């Protein structure tokens with residue numbers, strides 16, 4: 001006996017053309033910020049735990065930025081990897097105007113003035129202990145206020161080097177307002193702040209720490225990064241950062257925290273970014289290499305899910321590859 005079906009939703013799934021026509025979520029190159037690593041060596045060196053990702057030399061960094069721009073990507077985020085000899089407990093190398101990060105920012109902006117450069121504001125690439133700030137005298141925690149003072153100095157230095165956006169990733173209390181005041185006082189009132197507003201103490205950061213040469217911190221970063229169990233706390237952190245002057249807010253990681261992205265999107269009055277972190281990238285590559293997942297379909301679905309959850313901006317190591325495939329399909 002035939003079914004009496006007035007509505008057949010499958011009609012809109014019958015062909016690829018129809019499915020594309022009614023797609024509710026779309027990705028484009030302009031959605032992405034492309035994270036890149038740089039070191040002070042003459043040649044790029046692959047990051048073993050992140051297939052296809054390298055610590056770039058200054059010249060290869062510029063070349064990679066040009067290749068990304070050619071696909072339509074409009075923004076990159078630069079993370080430095082310093083020689084261990086330059087690191088100390090206070091991260092003093094972060095304040096060297098001739099250091100690796102300011103030179104990298106300046107090199108990219110000189111070659112590609114229209115490409116947006118996002119500069120990370122945190123001390124973990126510069127500290128010998130691997131934490132995002134300055135330790136308390138007993139070494140058991142981060143000293144919040146001295147760290148904020150240091151982050152203000154770093155943000156101003158990055159702006160002077162040519163950064164278009166500064167991105168505090170440390171999770172110290174009060175740092176957004178302090179950085180805003182410091183930038184304004186230095187004449188950089190038009191430099192926006194991308195706040196890592198809800199950064200969780202995640203197990204997914206391992207390959208990133210490998211890439212930047214960050215030491216395994218002697219104290220858990222759970223004392224300042226967020227508990228993965230908490231959504232309401234994330235919303236409070238986002239609201240505080242917005243009140244202090246954040247121009248964008250970010251959720252990190254992305255894939256395991258799609259519910260947080262959605263909750264932030266529904267609350268926030270500013271653009272929402274999400275960082276598909278190194279561990280998310282690495283696990284897709286690893287499973288695909290073992291033949292357990294279809295690499296391209298899994299990659300694309302992971303990115304689409306992040307945008308569908310509400311992210312306006314996605315930081316992802318897949319950015320150049322994915323945007324390049326988009327540009328070829330147009």
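A few notes on this one:
- Some residue of the range 32-49 being touching a residue at least 24 places away in the same chain (Cβ under 8 Å) and surrounded by fewer than 18 Cβ atoms within 10 Å (Cβ to Cβ): yes
- For the range 142-175, the tally of residues that are within 18 Å of the chain's Cα centre (by Cα) and more than 21 Å from residue 101 (Cα to Cα) stands at 1.
- Some residue of the range 145-168 being out of contact with any helix residue (DSSP H, G or I) (no Cβ under 8 Å at 6 or more places or on another chain) and crowded, with 24+ Cβ neighbours inside 10 Å: yes
- Some residue of the range 228-246 being buried (at least 16 other Cβ atoms within 10 Å of the Cβ) and under 21 Å from residue 51 (Cα atoms): no
- When residue 67 is tested against the conditions (1) modelled with pLDDT under 95; (2) surrounded by fewer than 19 Cβ atoms within 10 Å (Cβ to Cβ), the lone failure is (1).
- The set of residues in the range 71-110 that are out of contact with any strand residue (DSSP E or B) (no Cβ under 8 Å at 6 or more places or on another chain) and under 27 Å from residue 312 (Cβ atoms) comprises 71, 72.
- Flag if residue 83 is more than 17 Å from the chain's Cα centre (by Cα) and modelled with pLDDT under 95: yes
- Qualifying residue in the range 33-54 (condition: in a helix (DSSP H, G or I), farther than 18 Å from residue 300 by Cβ and in contact with a helix residue (DSSP H, G or I) (Cβ under 9 Å, 6 or more places away or on another chain)): no
- Yes/no for residue 145 being farther than 28 Å from residue 261 by Cα and part of a helix (DSSP H, G or I): yes
- Yes/no for residue 67 being farther than 30 Å from residue 146 by Cβ and in contact with a strand residue (DSSP E or B) (Cβ under 7 Å, 6 or more places away or on another chain): no
- Selection within the range 76-99 - surrounded by fewer than 22 Cβ atoms within 10 Å (Cβ to Cβ), in a helix (DSSP H, G or I) and touching a helix residue (DSSP H, G or I) at 6+ places or on another chain (Cβ under 8 Å): 86, 93, 95
- Filtered residues of the range 300-324 (kept if closer than 15 Å to residue 34 by Cα and either surrounded by fewer than 19 Cβ atoms within 10 Å (Cβ to Cβ) or out of contact with any strand residue (DSSP E or B) (no Cβ under 7 Å at 6 or more places or on another chain) (or both)): 312, 318, 321, 322, 324
- Taking the range 114-132 as the range and being in contact (Cβ under 8 Å) with a residue 60 or more places away in the chain and buried (at least 19 other Cβ atoms within 10 Å of the Cβ) as the test, the residues that pass are 118, 124, 125, 127, 129, 130, 131, 132.
The values are calculated or read from the model by the stated rules, or taken from the named source; none is laboratory data. Please read all numbers here as calculations on a predicted model, not as lab measurements. Counting neighbours? That spans all protein chains shown, and the Cβs are built from the backbone with ideal geometry, glycine included.
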